[in-house]
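Student: To start, I am sharing the structure in question, which I have written as structure tokens.
FYI, it's all coordinate maths here, none of it is from the lab. None of these values were measured; they are calculated from a predicted model. Glycine gets a Cβ as well: all are built from the backbone with ideal geometry, and neighbour counts include every protein chain shown.
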Amino acid sequence: MKKIVTIAFLFFLAKNLFGQESTDLNLQINGAEVDTLSFHIAGSGWHKQQNPKGLLDFVYRRTPTTNEYNLLWWSSWFKGGGGIIERPNGQAPTKYFGGFINPKIKKIGELVIGGHWIDNGVRQLYEAKAEFRYKNGLGGTLGMVDNGKDQPQMRYARLNYRNQINKEWKYTASILMQQVDKNTHFGAYGVIYNSGFMLGGGYDGEEWRGGVGLIASPKMKYIRPAFEGFYINRDAGQIAGSDFLLASFTLKFAGGFLGHPARIGRFMGGTGTEYTNPVITLVPSWNRILYSWEQGNMLDVRFIRTQTPTGNYNAYIEYMVFPFHFGRKLDIFDCLFVGGSYTQTNTTDWHGAMLGWRYFIGSMGIILQSEYDLKNEFLYLRLGANYLF
């Protein structure tokens, strides 16, 4: 970068909607965020271990065209992992790994350093970035993305600021300069939130994204609905990419995927460095999107739609209920779920039937899920294990 981005920030104005006192808002404006494990384990509410220090997560997924393996490590000082996507048709497998470290520098602030590597059988791709964050909320990020030989290269610098408007409302704002080959773009990202509401998004020259999240009051006795709508337009610049739309809902929120600590990483973009949910630009990533049944209890619904620059699209909706989960108590039967799905593409569509179970036995979690394609008569499988320490 030839220039240093000057100090500024993007400020959102909002009314006091969905505001209530709650202990689930775990973001701090100074220093590290508290809830370092919320993204991957809090959402289920099924683990018995109190205040775990870390998580080891493994998932296997079978589809008609791939066998996918993903392993991640999630802790207060390191988050990372890797995986392999095998293609039985003879194509070369895709391999990837990466991670983020979060060393604390006493009396000054903290440092977040991350990197990612992908070998898709055709070329190798790399990504690296780092942010130093002062205790007063001001931070700076430098990063790069190498998309492989004869592909556009990215370099960026980003200035970030975290603060609060009052006791209830907080915000994070960034401005950035991004260079793609010889083209330079300027952009900005920001989020504003209280304990029950978050609005955010931004633009960096290559993509724009936006989203909104809602969480009902924790004072609700039997249910606590939560919702998120999230959209990315990746075809806004020199590097063509697929548009992505995600809408998620749970009838009984328990933290995790639909909580603010996870959401802020998605809303602030791939050039951001939110350690509660570290997001990168390149895909695939070890930091997997949690499955629908991991985002809450009682009833979960998710809609995903992707569309390539050539117009090919895939729309998918899935829904599941936990038929034995009607109260606060959770036991082995409460973790059984049943549901269905519907998939539509440019050329075809089909329905699916779903059955699964997820449960923690002490510090060990087990994931078993099957989805049967009623039209093509294929059984999708997801098998996994979690270990809390």
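Student: Just subtract the alpha-carbon distance of PHE389 and THR310 from 0.36 nm times their residue separation and send over the number in nm, one decimal.
Tutor: 23.9 nm
Student: Please work out whether region 162-237 counts as rounded, prolate or oblate from its C-alpha gyration tensor, where a ≥ b ≥ c are the square roots of the eigenvalues and a/c under 1.5 means rounded, while otherwise a/b larger than b/c means prolate and anything else oblate?
Tutor: Oblate shape, in that a/c is at least 1.5 and b/c is the bigger or equal ratio.
Student: Another question, then. What value in Å³ per residue do you get for the convex hull of the alpha-carbon atoms in region 243-389?
Tutor: 127 Å³
Student: Something else about it: Determine, from the Cβ-Cβ distance of ARG123 and ILE289 and an R0 of 22 Å, the FRET efficiency 1/(1 + (r/R0)^6), rounded to the nearest 0.05.
Tutor: 0.35
Student: Farthest toward the dipole's positive end in the chain, which of TYR316, ILE289, LEU368, given Cβ charges of +1 (Lys, Arg) and -1 (Asp, Glu) about the Cα centre?
Tutor: Value computed over the given set: ILE289.
Student: Let me ask something additional. Ranking request for peptides 89-102, 268-281: highest mean number of other beta-carbon atoms within 10 Å first, then the rest in descending order.
Tutor: Taking the mean over residues of other Cβ atoms within 10 Å, the ranking is 268-281, 89-102.
Student: Using the alpha carbon gyration tensor of the chain, what are the three equivalent-ellipsoid semi-axes (square root of 5 times each eigenvalue), largest first, in whole Å?
Tutor: Working from the Cα gyration tensor, I get semi-axes of 31, 27, 20 Å.
Student: Report relative contact order for region 294-370 in percent, whole number only (criteria: Cα-Cα under 8 Å, sequence separation at least 6). Intermediate values should be presented prior to the final figure.
Tutor: Numbers: 141 pairs, mean separation 16.8, N = 77.
That works out to 22 percent.
Student: Which ³J(HN,Hα) values, rounded to whole Hz and listed in residue order, are derived for region 52-59 from phi using the Karplus coefficients 6.51, -1.76 and 1.60 in 6.51 cos²θ - 1.76 cosθ + 1.60 with θ = phi - 60°, glycine and proline given as x?
Tutor: x, 8, x, 9, 10, 10, 10, 9
Student: If you don't mind, another one. Stokes-Einstein diffusion coefficient for region 179-326 at 20 °C in a medium of 1.002 mPa s, Rh from the Kirkwood formula over Cα pairs: what value in µm²/s? Intermediate results must be reported in sequence, preceding the final value.
Tutor: Numbers: Rh = 16.4 Å.
My calculation gives 131 µm²/s for D.
Student: Step through the residues of region 183-200 one at a time and calculate ³J(HN,Hα) from phi using the Karplus curve (6.51 cos²θ - 1.76 cosθ + 1.60, θ = phi - 60°), rounding each to whole Hz and writing x for Gly and Pro.
Tutor: 9, 10, 10, 10, x, 7, 9, x, 9, 10, 7, 10, 5, x, 8, 9, 10, x
Student: Same structure, new question: Quick one: what are the phi-derived ³J(HN,Hα) couplings along region 63-71, Karplus 6.51/-1.76/1.60 with θ = phi - 60°, whole Hz, x for glycine and proline?
Tutor: Values, residue by residue: 10, x, 10, 9, 10, 10, 10, 9, 10 Hz.
Student: Which order do the peptides 115-122, 181-188 take when ranked by the mean count of other beta-carbon atoms within 10 Å per residue, highest first?
Tutor: The densest-packed peptide leads the list: 115-122, 181-188.
Student: How many angstrom lie between the C-alpha centres of region 236-305 and region 131-194?
Tutor: Measuring centre to centre over Cα atoms gives 18 Å.
Student: Something else: Provide the gained length on full extension for the span ASN163 to PHE227, in nm with one decimal, where the gain is 0.36 nm per separating residue minus the Cα-Cα distance. Present the calculation step by step, with values, prior to reporting the outcome.
Tutor: Details: separation 64, 0.36 × 64 = 23.04 nm, distance 2.47 nm.
Computed gain between ASN163 and PHE227 is 20.6 nm.
Student: Using the Cβ atoms and a cut-off under 12 Å, what net charge is assigned to the surroundings of ARG302, where Lys and Arg are +1 and Asp and Glu are -1?
Tutor: Counting the neighbours of ARG302, the net charge comes to -3.
Student: Just want to confirm a number: the relative contact order over the chain, from Cα pairs under 8 angstrom separated by 6+ residues, in percent.
Tutor: Numbers: 1088 pairs, mean separation 63.6, N = 389.
16 percent.
Student: If you average the sequence gap of Cα pairs under 8 Å that are 6 or more apart and divide by the length of region 88-137, what percent do you get for the contact order? Intermediate values should be presented prior to the final figure.
Tutor: Numbers: 83 pairs, mean separation 16.8, N = 50.
Relative contact order here is 34 percent.
Student: If you don't mind, another one. Roughly speaking, what is the stretch gain from ALA92 to ILE366, that is 0.36 nm per residue apart minus the C-alpha to C-alpha distance, in nm to one decimal?
Tutor: 95.6 nm
Student: About the Cα centre, and with charges only on the beta carbon of Lys, Arg (+1) and Asp, Glu (-1), how big is the dipole of the chain? Nearest 20 debye, please. Let's see the in-between values first.
Tutor: On the way: 40 positive and 31 negative charges, 229 e Å.
Value, rounded to 20: 1100 debye.
Student: What's the Cα-based Rg to Rh of region 348-389, Rh via Kirkwood? Walk me through the intermediate numbers first.
Tutor: Values: Rg = 13.8 Å, Rh = 11.7 Å.
Result for region 348-389 is an Rg/Rh of 1.18.
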